[in-house]
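Working notes, structure below.
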Amino acid sequence: MTETTASVTAARPPSDITKRSLPASLVIHALLIAASLLMLYPLLWMVSASVRPETEIFSSTSLIPSSIDFSSYARGWVGLDVSFGRFFWNSLVISLLVVTGNVIACSLTAFAFARLRFAGRNFWFAIMLGTLMIPYHVTLIPQYVLFLNLGWVNTILPLVVPKFLASDAFFIFLMVQFFRGIPRELDEAAMMDGCSAWRIYWKIMLPLSLPVLATAAIFSFIWTWDDFFGPLIYLNDMNTYTIQLGLRTFVDSTSASDWGGLFAMSTLTLVPVFFFFLFFQRLLIEGIATTGMKR
């Protein structure tokens, strides 16, 4: 009797609700695909323009070039006074140092706020959150004067050293919320076994916090790799330029601009960000999904 009922149920046609929701679902998916293509069009056009002949770059909005010419890549790589590979290396060094500084310093600070008890903890945590509301341009001039007096201008130190002093309150707050979701019973058990606060941080908190650490690393890398304003302020020598400053040199309002080389190098600059995100994608999604949630 049970098998007969199950077979009859399985043989029933879809309900009216399912039939009505199918057209709506198709319309929604079509709109989402159209919106995605609209957002991707500028990126795809840039990639297409990087392999077009110089005379056809601005003459057509089509994504399919009439002929493929890779000379823009060779010209863009060695066409400046400094090889574009130098700009890549400078950006890579700065980005990796910033990632290292943010992950280490911010995780240590977040561990102190989330797990340790010290005088004025809530006050200093509130001060830290208050810095999120201060625009970067407000502190720009005092910072520049400080770094100028230290002799750090035209070096990468102003872009890197503050990250090792836990200057990004956003990542501290993100990690504090994640650390608070880790059961305190683990800390108490470790303390009963004689672990110090440092060993609890190193042996327990960090291994359990890989998702949020990966989230901080990805955002730090992408923001630093794409940063234009910071290097523009502190880097004056072309040998110290990052890729963003290097891309600016292809466009000159007083002389001819190499648009083909600009689009070719712009396409190459997307490759490290794409692979960095692709490598840590799973940890990034997990970190965002679990931050601030009890597990």
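The values are calculated or read from the model by the stated rules, or taken from the named source; none is laboratory data. None of the values given here were measured: they were computed from a predicted structure. So basically every Cβ, Gly included, is an ideal-geometry build from the backbone, and we count neighbours across all protein chains shown. Ligands, DNA and RNA are excluded from the accessible area calculation, which covers all protein heavy atoms including side chains. Shrake-Rupley method; radii C 1.70, N 1.55, O 1.52, S 1.80 Å.
Which whole-number percent is the relative contact order of the chain (Cα, under 8 Å, 6+ apart)? Don't jump to the answer; show the numbers that get you there.
Working: 284 pairs, mean separation 85.3, N = 295.
Dividing the mean separation by the residue count of the chain yields 29 percent.
Its Cα centre serving as origin, the chain has a Cβ charge dipole (Lys and Arg +1, Asp and Glu -1) of approximately 980 debye.
Taking the solvent-accessible surface of protein heavy atoms with a 1.4 Å probe, what is the per residue accessible area of the chain in Å²? Walk me through the numbers before you get to the answer.
Working: 17670 Å² over 295 residues.
About 60 Å² of surface per residue is accessible.
Here the 3J(HN,Hα) profile of region 199-205, calculated from phi with Karplus coefficients 6.51, -1.76 and 1.60 at θ = phi - 60°, is 5, 4, 4, 7, 8, 10, 5 Hz, Gly and Pro shown as x. Taken as Cα centroids, region 183-201 and region 15-81 sit 53 Å apart, rounded to the nearest whole angstrom. Long hydrophobic helices in the chain: the complete DSSP H runs spanning 18 Å or more by Cα along their own axis with mean Kyte-Doolittle hydropathy of at least 1.6 are 210-225, 259-279.
In order along region 236-252, the phi-based Karplus estimate (6.51 cos²θ - 1.76 cosθ + 1.60, θ = phi - 60°) of 3J(HN,Hα) comes to 10, 7, 4, 5, 9, 4, 8, 5, 5, 5, x, 5, 5, 5, 6, 10, 10 Hz; Gly and Pro are listed as x. Summed over qualifying helices (DSSP H, 4 residues or more, each -39500 (n - 2.57)) and divided by its residue number, the chain shows a 222 nm mean residue ellipticity of -20500 deg cm²/dmol.
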